[in-house]
Each structure stands twice: as C-alpha cells, then as structure tokens.
1. Go through (1) within 14 Å of the ligand (Cβ to nearest atom); (2) closer than 18 Å to Gln271 by Cβ; (3) open to solvent by 60 Å² or more (accessible area, probe 1.4 Å) for Gln382 and report which single condition fails.
2. Out of curiosity, is Trp258 open to solvent by 10 Å² or more (accessible area, probe 1.4 Å), touching a residue at least 40 places away in the same chain (Cβ under 8 Å) and either in a loop (DSSP other than H, G, I, E, B) or touching a Cys at 6+ places or on another chain (Cβ under 6 Å) (or both)?
3. As an exercise: evaluate Lys215 against (1) of a type outside the set (A, V, I, L, M); (2) more than 16 Å from the ligand (Cβ to nearest atom); (3) at pLDDT 95 or above and give the number of the one condition it does not meet.
4. Considering only residues of the stretch 146-189 that are touching a residue at least 40 places away in the same chain (Cβ under 8 Å) and part of a loop (DSSP other than H, G, I, E, B), which is most open to solvent (accessible area, probe 1.4 Å)?
5. Among the strands (runs of 3 or more DSSP E) contained in the stretch 38-144, which hold 1 or more residues that are farther than 30 Å from Ser359 by Cβ?
6. Does the stretch 292-301 contain at least one residue that is more than 12 Å from the ligand (Cβ to nearest atom), touching a strand residue (DSSP E or B) at 6+ places or on another chain (Cβ under 9 Å) and closer than 30 Å to Leu64 by Cα?
7. Go through Thr196, Thr216 for me and flag whichever is without any contact (Cβ under 8 Å) to a residue 12 or more places away in the chain, polar (S, T, N, Q), in a helix (DSSP H, G or I) and closer than 21 Å to Lys123 by Cα.
8. Can you tell me which residue is farthest from Trp58 (Cα to Cα) among those in the stretch 200-226 that are under 11 Å from the mean Cα position of the chain (by Cα) and of a type in the set (Gly, Ala, Ser)?
Amino acid sequence: MRTHYVTHLESAWDGTPFPFGQIHSMHTGRPLWVRYDLEGISRSISREVFRSRSQSMWRYRELLPLPFDVSPVSLGEMWTPLLDCSELAKEFGLNQLWIKDESHLPTGSFKARGMTMAVSMAKWLGIKKLALPTAGNAGGAASAYAARAGLQAYVFMPTDTPVVNQMEPYLFGAHAFRVNGLINDCGKIVREQAPTEGWFDLSTLKEPYRLEGKKTMGLELAEQLDWNLPDVILYPTGGGTGLIGMWKAFQELKALGWLNSSKMPRLISCQSEGCAPIVRAFEKGERLAELFPNANTMASGLRVPVAVGDFMILDAVRQSHGLAVAGREDRIRFWMRRAASQTGISICPETAICFDVLSQLREAGKISSTGSVVDFNTGAAQKYLEALPAELPSW
Ligand SMILES: *Cc1c(COP(=O)(O)O)cnc(C)c1O
C-alpha cells in the first residue's frame with residue numbers, strides 16, 4: 001500500500017530535485033516545493049471521495065506530504081466557513097462577496113494550517129527542537145502545536161509584537177524571547193544559533209511544509225464552491241505562504257482535472273503602506289523585492305520587510321493577472337469595525353487592509369461589480385488588543 005504521493009522536493013529557484021523523507025530546509029537560500037504524483041492521485045481517487053471524510057484540512061490527505069500511516073499533530077483544524085456577505089458587498093458595489101473566516105482555527109489564525117502540517121512533518125522526521133521568528137500569530141501557533149507534539153519550541157519576536165501574541169508562547173510552554181528589532185532580526189538569531197543549539201528553523205518558507213498546510217485554504221475554497229473558483233481573491237501578504245500556497249493548490253487541482261473551469265482567479269496581494277516590499281517590486285516590474293526600510297504597521301502579520309519567497313509571491317500574482325496593492329494604515333481601524341459590524345465576523349487588521357485595497361480597486365474600476373470576490377479573514381480581531389481601543393461610554 002502506498003503511504004504518500006510525494007515524488008520529490010524541488011528548488012523553487014532552479015528546479016534542483018531533492019529526495020523526500022529527509023530533513024530539508026532551503027536550497028541556495030531559496031524555498032523548496034513539494035511535488036506529487038498527480039497522475040497517480042487522479043487514477044486512485046476522484047474529487048467526490050472527500051465528501052465522506054471529516055470536515056478538516058486533513059481530508060485532503062493524498063495532496064499532503066504526511067504519510068497516511070502517521071497521525072497528524074492536530075488540535076482539530078476544522079473547515080472554516082465561507083460566508084456570503086451581502087451587506088458588505090453593497091458597500092463596495094459588488095454582486096458577490098464572500099469572507100473565508102480563518103479566525104475559527106486553533107490559536108485564532110490561519111497559521112494553524114501551516115503549523116499542524118510543519119510540526120507533524122518535523123515530528124515524523126525525528127526533529128526535537130523547533131525555532132522561529134514571528135511577527136505575531138506564527139509563534140503562538142508553533143508553540144501550541146509543539147506542545148501538542150511534545151517538542152520544544154524557541155520563539156523570537158520583536159518587542160512591540162501584539163501583547164496577546166507575546167502571551168501565547170509563554171502559555172504553551174515555549175522558550176520565548178523579545179528582540180529589539182524586526183522579524184528579520186529575529187530570523188537572524190534563529191539562523192545563527194540553530195547549528196549550535198540544535199534547532200530546526202521553522203521560519204516561513206525556510207522549511208517546505210508550512211506551505212503545504214496553507215495550500216489547504218485553496219483546496220477547501222474550491223470544494224466549498226463546488227469546484228469553481230471566484231474571479232478575485234484578496235489576500236493579506238506578509239511572508240507570502242498563504243498566497244503562494246493557494247496558487248499551488250489551484251495549479252494542482254487544475255492538473256488533476258478537478259476544477260469545472262480552467263479560469264483562474266486574479267490574486268490581489270494586499271500589504272500595508274507601512275510595509276509594502278512586494279507592492280514596490282510589483283510596481284517596478286521586478287521579480288525580487290528589496291528590503292522595505294523602517295517597516296511599521298498595526299497589521300503585525302504584514303510586518304515582513306523581506307521575504308525569501310518574494311519571487312514566488314510575485315510570480316503567482318503575475319501569472320494570475322492579479323495585482324499587488326498597498327492599503328492605508330489610517331483605514332485599518334475603520335475597516336475592522338465597519339466590516340465586523342456589517343458581518344458579525346471578527347475582522348483582523350490584516351484583513352482590514354484588504355478591504356481598503358478593495359475599496360481603492362473598486363474606485364479605480366479595476367474590479368468589476370459583476371465578479372465574485374473572496375476576501376480571507378486570516379485571524380481573529382480579539383488577538384489585537386492594541387488595535388481595538390474600547391471607547392464605551394459609562395452608564
Ligand atoms: C501571518 C499572517 C498574515 C500573513 O500571512 P503570510 O502567509 O505570511 O503572507 C496575514 N494575516 C495574519 C492574521 C497573519 O497572522
């Protein structure tokens with residue numbers, strides 16, 4: 001019996017192949033793709049098979065790297081709702097607007113998808129100590145899954161990381177440290193100390209499997225829409241795994257012949273004007289992004305001034321005929337409250353940025369009113385106390 005469909009790993013930069021089943025990080029400082037025997041998958045299952053399985057990202061097991069005879073390190077990653085938001089759609093003059101609400105996932109953000117996958121793989125590969133830099137939610141999710149797996153986690157975060165994100169690693173028993181710098185400074189500590197400390201670097205895209213977990217957002221979205229895809233997807237972009245993973249999911253589904261139409265959605269990569277390296281590179285027509293100086297944004301998940309997967313993000317955006325656009329920092333609180341009060345969904349600052357981008361693109365006539373639009377709510381507003389000053393009057 002076959003226990004997985006992975007054929008090999010492959011450098012996203014130059015295509016160099018690597019064998020599966022060994023510990024890998026990057027190749028020439030650039031990420032690796034996981035490649036599957038898609039023909040083998042399409043011969044052995046049809047897309048209907050998923051319906052009878054649990055409503056969890058783990059139902060797409062054939063398209064994931066963890067061998068079938070290994071139990072995932074799981075906290076119950078249930079399907080997230082795809083909510084039709086007709087009131088909010090009116091605000092933008094759109095016929096169809098959905099929010100895929102990732103705030104329901106363990107630890108309150110879509111980072112759970114990547115971490116359940118990466119920690120499961122790390123455990124299977126015999127890794128004992130994980131380390132990562134975090135802008136916020138990644139550290140909490142990694143700590144929770146490491147606790148679940150009985151592995152040690154070392155987490156490094158900027159001193160001004162949202163306070164809830166600082167509490168999470170502490171709560172889950174990780175070794176957590178504050179660093180006077182940005183996420184790339186935290187990344188440097190991990191990179192430099194990992195060999196002597198025996199840490200495995202779990203940074204975004206520096207290991208191959210967080211991406212595979214985040215890919216399930218795209219698989220789930222397709223299945224929820226009966227194997228159709230929307231016209232436009234707005235996605236808040238930091239390190240880029242969400243956007244890249246989703247694009248990989250759509251390519252794999254297309255190759256499997258499981259999509260009803262070969263028309264791909266336009267991917268809109270949304271960043272804050274306070275940290276917009278991908279938007280800058282997109283505007284300049286470049287494939288690699290330069291470090292964004294003095295990065296600063298309330299949408300902490302987007303405070304990533306330099307991303308190792310920059311070319312993968314930019315390739316996906318361009319291949320999809322999409323755009324990379326910066327949202328305005330002073331509209332974050334407005335859109336959090338506006339969108340949340342019209343939908344009942346706990347909108348995070350990163351997604352508020354996407355709504356500002358949506359309003360800009362609608363005004364500029366770059367998104368048509370008749371198309372279907374999906375916006376991802378990547379985390380729960382409750383995790384951002386600093387962005388939510390309660391101004392309740394006293395009775
Ligand atoms: C990490 C994060 C992002 C950015 O995601 P990437 O996949 O790293 O681009 C967006 N929103 C939230 C809430 C996050 O935690």
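The values are calculated or read from the model by the stated rules, or taken from the named source; none is laboratory data. Bear in mind the structure is a predicted one, so any value in this text is a computation, not a measurement. No Cβ is skipped: glycine too gets one built from the backbone with ideal geometry, and neighbour counts run over all protein chains shown. Protein only, heavy atoms only, side chains kept; ligands, DNA and RNA dropped before computing areas. Shrake-Rupley method; radii C 1.70, N 1.55, O 1.52, S 1.80 Å.
1. (2)
2. Values: open to solvent by 10 Å² or more (accessible area, probe 1.4 Å): yes; touching a residue at least 40 places away in the same chain (Cβ under 8 Å): yes; either in a loop (DSSP other than H, G, I, E, B) or touching a Cys at 6+ places or on another chain (Cβ under 6 Å) (or both): yes.
In short, yes.
3. Of everything listed in (1) of a type outside the set (A, V, I, L, M); (2) more than 16 Å from the ligand (Cβ to nearest atom); (3) at pLDDT 95 or above, Lys215 misses just condition (2).
4. Here the answer is Leu182.
5. Working: elements: 82-84, 96-101, 129-133.
Result: 129-133.
6. No, that holds for no residue.
7. Working: Thr216 fails: without any contact (Cβ under 8 Å) to a residue 12 or more places away in the chain.
Only one candidate passes the filter, namely Thr196.
8. In the first step, residues of the stretch 200-226 are kept if they are under 11 Å from the mean Cα position of the chain (by Cα); the result is 204-205, 210-218.
Filter again for of a type in the set (Gly, Ala, Ser), leaving 213, 218.
Values: Gly213: 9, Gly218: 13 Å.
In this case the residue turns out to be Gly218.
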